[in-house]
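Below is one structure; the comments refer to it alone.
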Amino acid sequence: MTSRRNLVIAAIVLLIAAFFVFSRFGRSSAAQFQTATVTRGPITQTVTATGTLNPVVNVQVGSQVSGNIQKLFADFNSKVKAGDVVAQIDPVLFQATVTQAEGDLANAQAALELAKVNATRIQGLFAKKNSAQADVDQAMANLHQAEANVKIKQGALDKAKADLDHCRITSPVDGEVISRNVDVGQTVAASLQAPVIFTIANDLTKMQIDANVAEADVGAVAVDQNVDFSVDAFPSRTFHGKVVQVRNAPITVQNVVTYDTVIGVSNADLKLKPGMTANVSIIIAHKDDVLKISNAALRYRPANAPTPERPASGQNRGGAGGGGSVGLRATGRTVYVLRGGNAEPVQIKTGISDGTTTEVLEGLGDNDRVITGQLNAPNTATSQQQGNPFGGPRRFP
């Protein structure tokens with residue numbers, strides 16, 4: 001009876017030990033992988049940037065003279081034509097200056113007439129030997145001074161009239177007023193710089209985006225490339241444009257260098273407004289019906305794969321053999337394909353990328369399953385190397 005009980009206990013112990021060994025080594029000995037299927041479809045490579053919408057022609061209308069704003073003939077969103085009066089500065093002081101300049105000119109002209117008469121009289125007396133040469137010279141000098149004074153006074157009158165004309169501020173272009181910076185009764189001072197009274201957009205149906213493209217991406221941007229962009233006001237709508245200019249002047253902000261890329265935009269429905277922030281995608285390349293894989297497959301490496309810090313046995317660092325990633329940088333990339341439950345390295349050549357998927361030029365076929373991640377680590381205790389990175393048998397204290 002006792003021996004039978006011992007046999008039962010021994011059998012139970014053996015079953016528990018077998019279950020433990022199976023669960024520890026057998027069931028987890030094979031790695032489980034996360035895979036993605038190689039698919040075929042379109043792919044677009046883009047350069048992203050942000051920019052500001054601006055009118056193509058944006059004119060700031062100012063005042064060349066100082067004074068009080070007497071009248072305003074335009075307001076926000078007013079349609080104006082070239083030559084239309086948009087504001088009037090009080091002309092009283094300028095009219096008085098014109099009147100004074102006209103009087104000064106008349107006085108100078110009278111003095112000129114007298115100088116001419118005196119010069120003629122002195123020349124006649126000199127011809128009859130009744131006057132000295134010095135008197136003739138003095139008369140001619142007075143005549144020339146009178147002529148010069150007339151020109152001075154004429155210039156002062158022209159300036160006074162020009163200032164009076166500048167009291168009428170006109171629009172230089174056809175367009176729409178997008179900004180008004182003064183009110184009636186406000187004084188504008190033009191002593192140092194012309195104050196801006198109105199900002200007029202020439203044609204809001206044609207706009208441009210000034211996008212700041214990073215220096216790492218600007219080399220791929222060229223004139224006539226298509227552009228897709230969106231604005232926060234219409235998040236579900238995609239607008240379109242074209243690159244019209246890549247400016248060479250660098251813009252440096254906090255040691256970050258960007259380049260102004262001008263994108264022409266059609267705004268026929270006037271939905272886009274000046275100053276809106278645009279999220280720009282410049283289309284660098286586009287292909288239809290190409291093989292593509294997830295970018296996660298390009299980043300995956302098994303735990304025992306050769307790396308720049310740990311080259312494979314018999315392989316020089318940076319060499320082309322052995323399937324290591326370092327030696328493939330010049331010719332392609334290495335991905336791992338799931339075949340027979342194992343990760344098999346495959347060298348491929350890649351093309352354009354949209355940031356999520358990458359074009360495969362050669363090395364893979366339709367419906368191949370590439371590994372993008374590993375769900376569990378393989379158990380290597382059966383090879384007596386678990387826990388020992390140097391390859392020897394595992395030692396227990």
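The values are calculated or read from the model by the stated rules, or taken from the named source; none is laboratory data. Keep in mind that this is a model prediction, so the values were computed, not measured. Glycine gets a Cβ as well: all are built from the backbone with ideal geometry, and neighbour counts include every protein chain shown.
For the subset of segment 213-237 comprising residues that are polar (S, T, N, Q) and modelled with pLDDT of 95 or more, which member is farthest from Pro274 (Cα to Cα)? Taking the candidates together, the pick is Gln225. Here Asn77 clears all of (1) polar (S, T, N, Q); (2) assigned to a strand (DSSP E or B); (3) surrounded by fewer than 19 Cβ atoms within 10 Å (Cβ to Cβ) except the condition numbered (2).
Taken over segment 163-180, the criterion of being over 28 Å from the mean Cα position of the chain (by Cα), of a type in the set (S, T, N, Q) and under 22 Å from Met207 (Cβ atoms) is satisfied by Ser171 alone.
Residues to consider are Ile263, Ile293, Ile284; find the one that is within 29 Å of the chain's Cα centre (by Cα) and within 22 Å of Thr356 (Cβ to Cβ). Spell out how you get there, then give the answer.
Values: Ile263 fails: within 22 Å of Thr356 (Cβ to Cβ); Ile293 fails: within 29 Å of the chain's Cα centre (by Cα).
Matching residue, one of Ile263, Ile293, Ile284: Ile284.
Restricting segment 217-257 to residues that are closer than 30 Å to Leu270 by Cβ and not in a strand (DSSP E or B) leaves a set whose member that is farthest from the chain's Cα centre (by Cα) is Ala233.
Do the conditions hold for Lys129, that is, is it at positive phi and either surrounded by 14 or more Cβ atoms within 10 Å (Cβ to Cβ) or not in a helix (DSSP H, G or I) (or both)? For Lys129, the condition - at positive phi and either surrounded by 14 or more Cβ atoms within 10 Å (Cβ to Cβ) or not in a helix (DSSP H, G or I) (or both) - is met.
Scanning segment 179-216 for residues that are under 15 Å from Val265 (Cα atoms) and assigned to a loop (DSSP other than H, G, I, E, B) yields Asn202, Asp203, Leu204, Thr205. The residues on offer are Leu105, Leu53, and the sole one that is among the aliphatic types (A, V, I, L, M), closer than 30 Å to Ala220 by Cα and either modelled with pLDDT of 95 or more or in contact with a Leu (Cβ under 7 Å, 6 or more places away or on another chain) (or both) is Leu53. Scanning segment 239-264 for residues that are without any contact (Cβ under 8 Å) to a residue 60 or more places away in the chain, within 12 Å of Ile283 (Cβ to Cβ) and either exposed (fewer than 11 other Cβ atoms within 10 Å of the Cβ) or β-branched (Val, Ile, Thr) (or both) turns up just one, Val243. Looking across segment 148-194, just one residue is of a type in the set (Val, Ile, Thr) and touching a helix residue (DSSP H, G or I) at 6+ places or on another chain (Cβ under 7 Å), and that is Val150.
Sort through Ala87, Ala119 and tell me the only one that's within 30 Å of Asn202 (Cα to Cα) and surrounded by 14 or more Cβ atoms within 10 Å (Cβ to Cβ). Spell out the reasoning first.
Details: Ala119 fails: within 30 Å of Asn202 (Cα to Cα).
Just a single option satisfies the conditions, and that option is Ala87.
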